[in-house]
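Scroll down for the structure; my scribbles are underneath it.
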Amino acid sequence: MADNIKDYQMSDSIWKFVYPYDGKERTNQEKQQEEEIRQKQSLELMHQYQLYYRMVEKNKYVLRESVLSCQYGTKYAKLDCEEDHGVYKHMKPVMAITDCANNNIHNFGSCLCPEANYVGRLPMTNEVDDMGVSAIKASQNKRAHICVPIISENSVWHQVDSNALIGVKQKGYAPMLLDNAVLVCQYGGIIRIEEVPKTRINRSDYGVNYALDEEEKIFISVIAAESIGEGKLAWEVVANVIINRVGQKEWKSLTTVKAVVQRKGDFSSLNNGGSAEYHKAMNYLTSRIDNNNIYEQLIAVVMPVYHSEVEDITGGAQLYYSPKSMVPVNSIPRWASYYKKINVNGINSNEFVLFTGDRIK
């Protein structure tokens, strides 16, 4: 028994839920060969999974209490942490790729993994958990098994983007965990992040400890490039117009903010690789270490719009122009005659002329 515990690197809390398989003995060489095959298969599965997520561009920071699933589990689990890393978003701690130990991932109910996948390599788990709840039996298995995730001691979550680092105690720095990450249980199950908590927050909560993701940085930088010198009303108008386009009318195929702002020709600040003001804002947002007050004010104004925490002041506008900013001043853009104009209380028509995405011609 002691040799098995050492081989599988199980803690006492896990071992009490499993019993050793009494099948044929294997040589050390056979064990090593099986381990190499398992690692190769696991990496291939993770590679395919990440290719899919690169296509759909899902890229959010994972927070404590994010919902997890396992391909062989019968229920969801929540990502846990005993001690955070000092970075927060939505008032919840941001997790790192190293957060995959026993105290982070508990169990997924019953394990439906085919016994043939691990027989003779790993012990089998019990049929009843410590609360007396019986596991569900998979049709191809001889007996039912409770879920006891076993993650290799030196494993980390695997993900496509690993650029944003976070301080991890006793380990230096590690990449922040993104929701395109995957993890492999030694029983063969692919663990993935299903949902990141969505929590309403106040403007004051978008301080320098709030971790901006890639799309949020692009969103803020475009608004800065379009209106940084125009004041808070202008920032909020531009922010709402961007959000109102997502998945709507002629932008129906554009289902993310990033896709909306990057559509060719819509925002001149992104032409030819981006304007100087766009890059200035992006450079600041990447570090936020010199506490630039104007950008921090911008963040506080537009992030509640991004997260739908404040009412839309534009009445659903999807296009706009600013008469005073036109060249020559007060001239009318050619496209204005093609869309339905709307008047919004509180917004000066000399500052902004707003339109819905409904075409009248």
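So the values come out like this:
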item: Sorted by Cβ neighbour density within 10 Å, fewest at the top, the residues Ile136, Ile105; result: Ile136, Ile105
item: Rg/Rh for region 185-289, where both radii come from Cα atoms and Rh is the Kirkwood radius; result: 1.05
item: Alpha carbon centroid spacing (whole Å) that separates region 276-353 from region 70-94; result: 35 Å
item: Percent of Cα pairs exceeding the 28 Å cut-off, where the set is region 101-245; result: 46 percent
item: Over 23 Å between alpha carbons, listed pairs Lys75/Lys252; Lys75/Lys217; Lys258/Lys280; result: Lys75/Lys252; Lys75/Lys217
item: Filter on Lys89/Lys249; Lys60/Lys264; Lys92/Lys340; Lys249/Lys324 - keep pairs with C-alpha separation over 30 Å; result: Lys89/Lys249; Lys92/Lys340
item: Distance cut-off 19 Å, percentage of C-alpha pairs in region 212-359 lying past it; result: 52 percent
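Every number in this text was worked out from the coordinates using simple rules, so none of it is lab data. These figures come from a predicted structure and were not determined experimentally. As a convention, Cβ positions derive from the backbone with ideal geometry for all residues, glycine included, and neighbour counts pool all protein chains shown.
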